[in-house]
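First comes the structure, then the notes that go with it.
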Amino acid sequence: MKLNQLKYFIAVAEAGSTTKAAEILNLTQPAITRGILQLEMEIGVKLFERLPRSMRLTRFGEAYLRHARSVFVQLDNAQAEMGYLLENPVEEIVIGAGPTWLRATLPEVISDLSRAYPEVSIRVRGGYDEQLLTMLDRGEVAFVLTETSRNRMRSDLEQEPLIKCEYVVAGRRRHPLAGNRKVKLSQLLNYPWAMPDQAVSALDRLRGLYLATSLPAPEPVIRSTSLNFILKLLASSDALSFVVRSSLQDARQDGIVSIPVASEMPVRSAGIVKKKGTWNSPVVTQLAAMLRKSCQANPVQ
């Protein structure tokens, strides 16, 4: 079997005829026909039904097409890797990650990866959902760790959910509402709100929570690009914020807790988001595998 036979086969399958395939490949129609016949003889099955003016894949042809395409994907990936290794004698991988990942799963995984690949330079860029997608679109990162439940309209993205994240209302341990068992949404409106500046997804969900009950949504009076600043602020005031539960993991030592709200809190899925068809180095592939394993042990954060 020769690669040109596979090229002819794919071209005919996509064009629907040997004549059109010959035009696309800038070859003669007899050359294409001869290549297809040789391929069929070698594998021992008919790949096409010969119609008066077209060629239609048989069930064998449909199955073979998947494998034939994968051959060229692998060859393209091999070429990409060779180019990558030539340009990067010392490998550097760059990923983007949201606050949930930066505080919980990622530090331990990156530490393990660094021990396994001490020669590799690892860069982690932090940000919120929209910022991370912008990094991805610009080709600045191999992949990002961010929300996967709101990007279904992006057909150019490959998304792999790994964890579930529950939103909570956060406040100080001695907050006037902290001792209540079931706080009503209306009660939360009596206090100022502070939110991370780029937490668009969280703010949208908070507004949706109030919209569902016909109540006016709280508007943050304090914003910051730093989640740490917001959490520190909560510790010294009666302000409230709306964050995923894992954000409070380190903040509990500062006296930050979740306020028990009577309404059901939103949950979002998050995981690996990358551009479809992009080549990943072996180290990036290993990092993704390590993240999957870590998240399987802790799927709700």
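The values are calculated or read from the model by the stated rules, or taken from the named source; none is laboratory data. This one's a predicted model, so the numbers in the text were calculated from it and none came from an experiment. When we count neighbours, we look across all protein chains shown, and the Cβ atoms used for this are built from the backbone with ideal geometry, even at glycine. Side chains are part of the model used for accessible areas, which takes the heavy atoms of the whole protein and leaves out ligands, DNA and RNA. Shrake-Rupley method; radii C 1.70, N 1.55, O 1.52, S 1.80 Å.
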Completion exercise
Considering residues that are outside any strand (DSSP E or B), open to solvent by less than 30 Å² (accessible area, probe 1.4 Å) and more than 25 Å from residue 146 (Cβ to Cβ), the number found within the range 251-263 is 1
Fill in the blank from the handout: When the range 264-295 is checked residue by residue, the ones that are open to solvent by less than 40 Å² (accessible area, probe 1.4 Å), assigned to a loop (DSSP other than H, G, I, E, B) and polar (S, T, N, Q) are 280, 281
Practice task
Being open to solvent by 20 Å² or more (accessible area, probe 1.4 Å) and at positive phi narrows it down to one of 139, 126, 83, so name that one.
Solution key: 139
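Give the residue, chosen from 224, 186, 201, 236, that is hydroxyl-bearing (Ser, Thr, Tyr) and either in contact with a Gly (Cβ under 6 Å, 6 or more places away or on another chain) or under 25 Å from residue 299 (Cβ atoms) (or both).
201
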Practice task
Answer with yes or no whether residue 224 is hydroxyl-bearing (Ser, Thr, Tyr), open to solvent by 10 Å² or more (accessible area, probe 1.4 Å) and under 31 Å from the mean Cα position of the chain (by Cα).
Solution key: yes
Exercise for the section: Scan the range 250-274 and report the pairs whose first residue is touching a residue at least 60 places away in the same chain (Cβ under 8 Å) and whose second residue is aromatic (Phe, Trp, Tyr) and open to solvent by less than 40 Å² (accessible area, probe 1.4 Å), with Cβ atoms within less than 8 Å and a gap of 6+ or a chain change. Expected result: 265/167; 266/167; 267/167; 268/167; 270/101; 272/143; 273/143; 274/143
Completion exercise
Restricting attention to the range 86-102, the residues that are open to solvent by less than 50 Å² (accessible area, probe 1.4 Å), over 18 Å from residue 277 (Cα atoms), modelled with pLDDT of 80 or more and out of contact with any Gly (no Cβ under 8 Å at 6 or more places or on another chain) number exactly 2
Practice task
Please work out which residue is most open to solvent (accessible area, probe 1.4 Å), limiting yourself to the range 43-72 and to residues that are part of a helix (DSSP H, G or I) and without any contact (Cβ under 8 Å) to a residue 12 or more places away in the chain.
Solution key: 59
Completion exercise
Flagged pairs (Cβ under 7 angstrom, 6 or more apart or on separate chains; first in the range 186-211, of a type in the set (Phe, Trp, Tyr); second crowded, with 20+ Cβ neighbours inside 10 Å) are 191/239; 191/240; 193/218; 193/220; 193/239; 193/240; 193/241
Practice task
Please give the number of the condition residue 230 fails out of (1) in contact with a Ser or Thr (Cβ under 9 Å, 6 or more places away or on another chain); (2) farther than 30 Å from residue 120 by Cα; (3) in a strand (DSSP E or B).
Solution key: (3)
